[in-house]
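Structure, as structure tokens:
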Amino acid sequence: MRRVERWIFSDGTPERLAAIRIGLCSVLALRLTRTVYLSIAGQPHSLYRPLSFMHLLHSMPPWGVVLPIQVVGGIAAVLAALGWRARQTLPLAWACGLLLGGMTTSLGKVVHNDVLLLLCMVPLLPAPVSDAWSLDARAGRTKPSDPMRYGWPVQTALIVVAGSYFFSGFSKLINSGPAWAFGSNMRWVLYISSDSRPSPDHWSLFIADRAWLAHLVAASILLLELGFPVVLFWKRARPAFVAGAILFHLGTWLTLGLDYWAQAATVAVVLIDWPALVARAQGRSNATKGAAEGRLRTRPPDLRPEPRASR
């Protein structure tokens with residue numbers, strides 16, 4: 001437990017924390033621009049199926065309440081991404097996103113497209129997210145804090161990402177066992193998805209018509225989810241899992257029509273060390289520029305005689 005505690009509360013940099021703030025707040029700002037919230041605002045009470053904290057409301061909030069919340073949340077998310085008063089604007093944007101997300105999941109079906117995004121933002125709520133790359137930092141209103149304060153929000157977000165995928169795969173094994181990947185489960189899911197559309201879906205049918213391919217896809221999904229905790233202690237594996245998550249959610253959109261781009265973006269924002277990536281790219285650019293300048297300085301002089309002027 002001491003080793004786990006040291007890993008969670010390890011030193012971090014304000015730049016890495018600011019990169020996660022910028023990425024997650026940008027994704028949230030885009031999600032809050034959706035029109036689905038206004039389309040379900042003011043629905044009759046008979047259609048209201050609240051979950052969790054939405055039981056505090058007797059019905060869907062009216063249009064006149066949802067629109068201001070959506071506007072305020074979107075503006076707050078943009079300001080938090082820019083780093084203006086992020087200690088106040090980030091929690092405000094998160095609270096607005098939480099309420100609007102609760103509306104979409106109170107229709108009788110659990111909608112978890114934004115769950116990972118909102119959960120990864122929880123460690124940022126009390127964190128010093130504005131100490132780098134923010135309007136406050138440029139104005140001199142922030143001071144560098146203890147490096148440990150920058151590390152634990154990032155490590156906690158990593159645990160949330162790894163745990164969300166791992167327990168998804170673990171629940172598949174608990175409920176269905178290996179038959180989830182090696183049975184007919186994936187083929188039936190794809191056939192049903194294709195039949196529910198106005199016209200047959202060629203992506204779904206291409207996989208479902210080939211049993212070996214359906215088994216391979218299902219086994220790859222299960223392996224990806226169960227192996228996600230590797231990203232906690234093997235940094236070099238993180239780009240591979242980011243690519244795997246993007247391909248997984250892209251395939252889900254092509255075959256089932258389920259849009260999980262926000263979850264894939266959250267994985268990329270949290271797992272990739274963006275400041276280190278930018279520094280590495282700048283280092284390569286400076287090295288290339290320095291090598292070019294070195295070649296110019298060491299070029300031998302031109303000893304050829306000058307041409308004589310014509311008479």
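Before moving on, here are some points about what is shown:
- Between Gly101, Gly83, Gly64, the residue with the greatest mean-square fluctuation in the GNM of the chain (Cα pairs under 10 Å linked by springs) is Gly64.
- Max mean-square fluctuation residue, GNM over the chain, Cα-Cα springs under 10 Å, options Val269, Val72, Val161: Val72
- Burial ranking of peptide ranges 3-9, 93-99 (average Cβ count within 10 Å, highest at the top): 93-99, 3-9
- Size descriptors for the chain (Cα atoms only): Rg and Dmax, in that order, 25.4, 103 Å.
- Gain in span if fully extended, Val4 to Val122, counting 0.36 nm per residue against the direct Cα distance: 40.5 nm
- Paramagnetic reach from Val71 in segment 93-107 [backbone N under 20 Å; point 7 Å along Cα→Cβ]: 93-101
- Every Cα-Cα pair of segment 154-286 was included, and the share exceeding 17 Å stands at 64 percent.
- Placing unit charges on the Cβ atoms of the charged side chains and taking the dipole of segment 154-286 about its Cα centre, the candidate lying farthest along the positive direction among Thr255, Ser171, Ala208 is Ser171.
- Of the DSSP H helices in the chain, those whose Cα atoms cover at least 20 Å axially and whose Kyte score averages 0.0 or more: 14-31, 63-82, 86-104, 147-176, 211-226, 238-256
- Among Asn185, Asn113, Asn175: highest mean-square fluctuation, GNM of the chain, C-alpha pairs under 10 Å: Asn175
Computed from the coordinates by the stated procedures, all read-outs in this text should not be read as laboratory data. Everything numeric in this text was worked out from a predicted model, so none of it was measured. Methodologically, a virtual Cβ is constructed for each residue, glycine included, from the backbone with ideal geometry; neighbour enumeration extends over all protein chains shown.
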